[in-house]
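Q: The structure is given below, and queries will be raised subsequently.
The values are calculated or read from the model by the stated rules, or taken from the named source; none is laboratory data. Keep in mind the model is a prediction, meaning the values are calculated, not measured. Note that we place each Cβ from the backbone using ideal geometry, even for glycine, and neighbour counts take in every protein chain shown.
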Amino acid sequence: MLDKFALLGVPQGFDEPPGIDEKFRELSRKMHPDRVPPKQRVKAAGQMTALNDAYKTLKDPVRRAEHFLTLKGFSGEVKMSPEFLQQTLDDREELDEAKASGKPLQDLARSVREKRDQTLAQVREIVTKNGDLEKAAELLARMKYYARYLDEVEGREAEV
Amino acid sequence: MPALFQISEPGASHAKEACTTAAVGIDLGTTNSLVGIVLGDGKPRALAVDEGSTLLPSVVHYGEGGGPGSVVVGRAARRLAADFPRDTIVSVKRFMGRSSADPETKRLSPYRFAEGASGVVRFVVDGGRIVNPVEVSAEILRALRTRAEERLGIKVHQAVITVPAYFDDAQRQATKEAGRLAGLEVLRLLNEPTAAALAYGLDKRSRGMFAVYDLGGGTFDISILQLQEGVFEVKAVGGDSALGGDDFDRALAEILLQGREHTPRLVREAIDAAKQAKEELTRAEVTEAFGKRVTRPQLEEAIRPLIEKTGLAVRRALKDVGQKVDGVILVGGSTRVPAVRRYVAELFGMEPLADIDPDEVVALGAAVQANLLTAESPQHDVLLLDVAPLSLGLETMGGLVEKLILRNTTIPANATQEFTTFADAQTGMDIHVVQGERELVKDCRSLAKFTLSGIPPLPAGFARVAVTFQVDADGILSVTAKEQLTGVSQSITVKPSHGLTDEEIERMLLASIEHAEEDVQARLLIDNRVEAQRIVKAVEKQVENNGDLLEPHEREEIENAVADLKGAVAGSDHHKIKSEIERLDKVSADFAKRVMDRGIERALKGHAVDEFDKGELSPHAQKAYSALQDTEDPA
């Protein structure tokens, strides 16, 4: 597994690494295919692709946390709790009903947003205090569900 | 450039060279083109190149009007356009990098096109002479070069030429080729919004998020760039290619024509009068046009809906960026209209920067870049990090699009997604690459299709095919599909040789907003259908294999639910399909549990574990499982 923190030369952690923007620009100026002699362009393109990807990952709180946990060996097969799965189905049903009846979706979205923020805060708590990383990975896996739910609500809101 | 006024020392040939040549910046525009240069005082200026104006109309006339075999460029050519519409090429930029087979090509113009297999647009002009868009553009560039040389009294050999941020590789290559044909070494192709930012001196010293609001004669572009330590990062691009000052003229002409005949001649006169009135009303409150008194509020009322259309693209770009901007730069002649400036100020919550002539700003920025590139210390050079203007994806089950690379991703970029087979013993997989924001394949642009064959025959869902998209720094996409077990792979490079034009990109972006709800409905229907078919298959398979676990009345109940679900799938009501899925789920829940228990029992007895696959979970559990699977990160 490629260490994207190392690629950008920033310390591993839950929070956005300080100086990441500066590092990205500094490395871009060195690596970008526009900035190297023609013979090195193919190689530079590969490096720049990895750099762009690393930067995108580390600038996003959820992706960054996922990557951090992956590097610590917690990734892939995460067992979601049955209660959570049931909750996702209920939430979704509620959303579908609200959509079908034309009810405003803001309240539903707000409650999911709150759950998302709380969950991410819990992950932060665990990670920064060197707690149970397996639990953190399970909590983090929930973020995808929240993101998907909110995408759907925002898709609807964008039309208005 | 500073070298211009250096005094050459005798015998110092490089100094002499520097003294007699110059690098310029060129804005090769759709309607007008300009040339700029940085002089000894370090300030860029646009050169007067056409009848005292800095604007050279991008019009090229071949032949008769100017004498046999001759080529006329600029205002003189524009005057000949009415009498020689087929020998006078207007707005050639729209044809750059386009295919002659493109239906848009024919729609655009009154021109005669040469037949040929080359695939490139070729115009037939002046009694049979054939020219292509690169050659026509080269005439414009040559006119700019020679007229600049006359003004400066020195040779012009090098240039930075600007292109729209959306230009694809083929269009960029064509522009570069035109420069070469015109006797210019093209130092760099510079994106127009970046050039505008450079003109405002947003270089190493500046930092922040800047919006470039570019409203020209016929197009609107919005770009949001982040500038820090000499690196320009394009954060979002958008626009509307069928919106500009020409629309303002038509809106005002409608008012002028009220109560009068609409003959083609009168309409043309009204549009010309409207254009002039519009320009006068940027300074005056009242003017006279077409024998009518026209006030600024009248004009503003007429164009208000048009101006507000730009807000859609701006808000979308701002949403993509998710940050406030620190400055707004105005580009394009139409941003002179006071109502446009007010609207921009309102939209962004700040007064836009408009100290530099919006017609000249792009050429001036190009001149700054030309100066930087030819200066002694190249570290002043700025770096531009560009983005993919539209999402890139693949067709999946039911004609849906799975996006791999999202709009506004910084390039070069790559993404990999795993796909599996839908049928048992499936040995081939069709890979269909599409571009666009819509949910359905038929609403996106098809870029390429190929087949990965040689997949080992396995039960449905067992083969693993990894599809990788790679977009290079020029925006060219390569796609590779690889079956993970055998390593068999297939790849293709999608060369946008007749790539998307601004118009197509805009149309597609706008359509994705307009059709968002429609898409959601269509997607739900297809999702539910695919889901239903999968569940029906799974249930039927289990009834066949483990039917002995069922009481006759249970079997009947399940079979009825299956039949009803099949009926619902044939219809187009996704709610109905969903409720039938739920019913089947309910009536088969006990059965599923029994099958699962048997599976576990067998597994414990040492049977192959893969007899117990997720096909034996209850449909409801399967659904939760697949909902989570679907959200797996493609990376």
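Q: Could you pull out the residue among B:K576, B:K623 that is closer than 21 Å to B:L524 by Cβ, at pLDDT 85 or above and within 14 Å of another protein chain (Cβ to nearest Cβ)?
A: B:K576
Q: Taking the stated definitions as given, is B:D247 among the charged types (D, E, K, R), touching a Leu at 6+ places or on another chain (Cβ under 8 Å) and more than 20 Å from B:V361 (Cβ to Cβ)?
A: Yes, satisfied.
Here's the yes/no breakdown for (1) in contact (Cβ under 8 Å) with a residue 40 or more places away in the chain; (2) in contact with a strand residue (DSSP E or B) (Cβ under 8 Å, 6 or more places away or on another chain); (3) closer than 16 Å to A:F74 by Cα:
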| residue | (1), (2), (3) |
| --- | --- |
| A:D107 | no, no, no |
| A:R116 | no, no, no |
| A:T119 | no, no, no |
| A:V123 | yes, no, yes |
| A:V127 | yes, no, yes |
| A:G131 | no, no, yes |
| A:K135 | no, no, yes |
| A:E138 | yes, no, yes |
| A:A147 | yes, no, no |
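Q: Next up: Among the numbered conditions (1) in contact with a His (Cβ under 9 Å, 6 or more places away or on another chain); (2) under 30 Å from B:A22 (Cβ atoms); (3) at pLDDT below 85, tell me where B:A101 comes up short.
A: (2) is the only condition that B:A101 fails.
Q: Next up: Cβ contacts < 6 Å: first residue of a type in the set (K, R), restricted to segment B:581-602; second residue part of a helix (DSSP H, G or I), any location; separation 6+ or different chain. Result?
A: What qualifies is B:R583/B:A561; B:R594/B:L549.
Q: Please give the helices (runs of 4 or more DSSP H) falling wholly within segment B:237-356 in which 2 or more residues are touching a residue at least 60 places away in the same chain (Cβ under 8 Å).
A: Those helices (runs of 4 or more DSSP H) span B:245-256, B:296-321, B:338-348.
Q: Free of Cβ contacts under 8 Å to residues at least 12 places away in the same chain, away from chain B (no Cβ under 13 Å), loosely packed, with under 14 Cβ neighbours inside 10 Å and of a type outside the set (S, T, Y), is that true of A:K43?
A: No, not satisfied.
Q: Need the failing condition index for B:E418 against (1) modelled with pLDDT of 85 or more; (2) under 23 Å from the mean Cα position of the chain (by Cα); (3) exposed (fewer than 15 other Cβ atoms within 10 Å of the Cβ), just the number.
A: Going through (1) modelled with pLDDT of 85 or more; (2) under 23 Å from the mean Cα position of the chain (by Cα); (3) exposed (fewer than 15 other Cβ atoms within 10 Å of the Cβ) one by one, B:E418 breaks only (2).
Q: Is there any pair linking a residue in segment B:560-575 that is assigned by TED's automatic domain parsing to the domain that holds B:Q521 to one that is surrounded by 13 or more Cβ atoms within 10 Å (Cβ to Cβ) and small (G, A, S), with Cβ under 6 Å and at least six apart or on different chains, and which?
A: B:L565/B:A532; B:V569/B:A532
Q: Related question: Which condition number in (1) modelled with pLDDT of 85 or more; (2) out of contact with any Asp or Glu (no Cβ under 6 Å at 6 or more places or on another chain); (3) within 12 Å of chain A (Cβ to nearest Cβ) is the one that B:P412 fails?
A: (2)
Q: Could you please let me know if A:E114 is within 14 Å of another protein chain (Cβ to nearest Cβ) and within 19 Å of the chain's Cα centre (by Cα)?
A: Criteria not met by A:E114.
Q: Do the conditions hold for B:Q173, that is, is it in contact (Cβ under 8 Å) with a residue 12 or more places away in the chain, in contact with a Gly (Cβ under 8 Å, 6 or more places away or on another chain) and not aliphatic (A, V, I, L, M)?
A: Spelling it out, B:Q173 is indeed in contact (Cβ under 8 Å) with a residue 12 or more places away in the chain, in contact with a Gly (Cβ under 8 Å, 6 or more places away or on another chain) and not aliphatic (A, V, I, L, M).
Matching residues to (1) aliphatic (A, V, I, L, M); (2) at pLDDT 85 or above; (3) in a loop (DSSP other than H, G, I, E, B); (4) within 30 Å of B:T374 (Cα to Cα):
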| residue | (1), (2), (3), (4) |
| --- | --- |
| B:G36 | no, yes, no, yes |
| B:D41 | no, no, yes, yes |
| B:P68 | no, no, yes, no |
| B:V72 | yes, yes, no, no |
| B:A77 | yes, yes, no, no |
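Q: Inside segment B:132-200, counting only helices (runs of 4 or more DSSP H) that do not spill past its ends, which hold 3 or more residues that are within 24 Å of B:V90 (Cβ to Cβ) and small (G, A, S)?
A: By residue number, B:133-152, B:169-181.
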